[in-house]
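Below: one structure, written as structure tokens.
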Amino acid sequence: MNRVATIAIVSAFSSLALAGVSRAESFGMNSPSGIEQTLRNFRGNDFTVKHFYNWHDASPEEYGPRSAAPRSAQDVRQIQASIDANKMLTRKLGNDGVNVRNVINAEQAADGSITFYTD
């Protein structure tokens with residue numbers, strides 16, 4: 001009986017440790033370097049595009065969660081370059097009428113989908 005309890009406890013701690021790792025990865029996935037890497041390697045179709053015509057005048061309620069706040073000009077150029085490096089993604093966005101030069105932000109959700117923000 002003692003052996004079964006020990007296995008259960010070890011199992012529970014292992015699960016918690018792995019949950020912590022995936023959460024830690026999710027914190028970095030929308031950092032500038034994290035999203036750039038994701039965009040260079042993204043092969044899915046699971047993305048949405050949100051258009052903001054007055055992005056710089058928008059309130060936080062209008063442009064979404066804090067993590068989707070505008071990025072620096074250099075970050076935007078890096079995001080656009082990462083999309084350009086992924087020809088499949090560039091083609092898919094183009095098919096949806098998205099010009100890569102209009103992408104001002106990108107954010108990956110925990111499920112792996114990406115939201116592109118355009119100006």
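Since every read-out is calculated from the coordinates, none of them should be taken as a lab result. None of the values given here were measured: they were computed from a predicted structure.
Once amide H atoms are placed 1.01 Å from N in the peptide plane, what residues at a sequence separation of 5 or more from K50, or on another chain, have their amide H within under 5 Å of its amide H?
It is F116, Y117, T118, by chain and number.
Convert each backbone phi in region 103-119 into a coupling constant with the Karplus relation 6.51 cos²θ - 1.76 cosθ + 1.60 (shift: θ = phi - 60°), then list the ³J(HN,Hα) values in order as whole Hz, x for Gly and Pro.
Coupling constants for region 103-119: 6, 10, 6, 8, 9, 9, 7, 4, 7, x, 6, 10, 10, 9, 10, 10, 9 Hz.
For region 86-91, take each phi angle, set θ = phi - 60°, evaluate the Karplus expression 6.51 cos²θ - 1.76 cosθ + 1.60, and give the result in whole Hz per residue in order, putting x for glycine and proline.
Karplus-based 3J(HN,Hα) across region 86-91 equals 9, 4, 5, 5, 4, 5 Hz.
Please list 3J(HN,Hα) in residue order for region 32-43, calculated via the Karplus relation 6.51 cos²θ - 1.76 cosθ + 1.60 where θ = phi - 60°; whole Hz, with x for glycine and proline.
Whole-Hz 3J(HN,Hα) from phi for region 32-43: x, 6, x, 5, 4, 4, 4, 5, 5, 10, 5, 10.
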